[in-house]
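J.: Please see the structure below; I have some questions.
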Amino acid sequence: MLLIDTLEMTDTIESIGMTGEGKVLYFDYAALLLFLIVLITVFYRKMTKGRTSQIFTIMVGILIMTTFFDLMMETLSLPPVNLSDLGVTWAAFFSYGYFALRSMNSYIYMLFILAILGEYFRFHSLKSQILLAMPYLLILILLGSNVFHH
């Protein structure tokens with residue numbers, strides 16, 4: 001009974017696009033395609049003027065880079081894993097890049113919401129900009145210290 005359930009689950013996992021150690025890459029490919037379509041649409045419709053549109057364009061660009069780094073990170077960890085020094089270096093580069101970009105998404109989204117609400121102008125002073133960026137800067141510091149402290 002257990003063997004039959006395991007075989008059925010394996011067939012189901014392979015049929016929905018899971019590869020390697022249970023990683024689904026089809027979602028990353030679909031997200032990358034959708035983000036590219038959104039970015040092309042923004043430029044085609046000339047929706048790049050104004051602070052809100054500029055922040056939105058930057059946000060979509062960061063989402064594209066985040067998805068690309070995630071895709072590369074997951075691809076490098078698929079079997080057979082390349083354990084050479086260069087393979088580990090690239091995997092670490094894409095991993096740290098992914099986490100830095102992923103945490104930047106929240107910061108850019110917050111700026112986008114402030115621009116939509118018309119409150120962005122209140123945060124022009126250096127002190128308020130540092131306070132807004134403090135959580136992201138703290139994440140970057142901790143991510144950078146991870147290289148040295150593991």
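J.: Under 5 Å between amide H atoms, partner at least 5 residues away or on a different chain: which partners does L25 have, H built in plane at 1.01 Å?
T.: It is T19, by chain and number.
J.: Let me ask another. With 10 Å bins from zero, work out the P(r) of region 24-149 over every alpha carbon pair and list the percent per bin.
T.: 12, 33, 32, 18, 5, 0
All of the numbers you see were taken from the coordinates with simple rules; none came from a lab. A quick note: this is a predicted structure, and the numbers were derived from the prediction, not measured.
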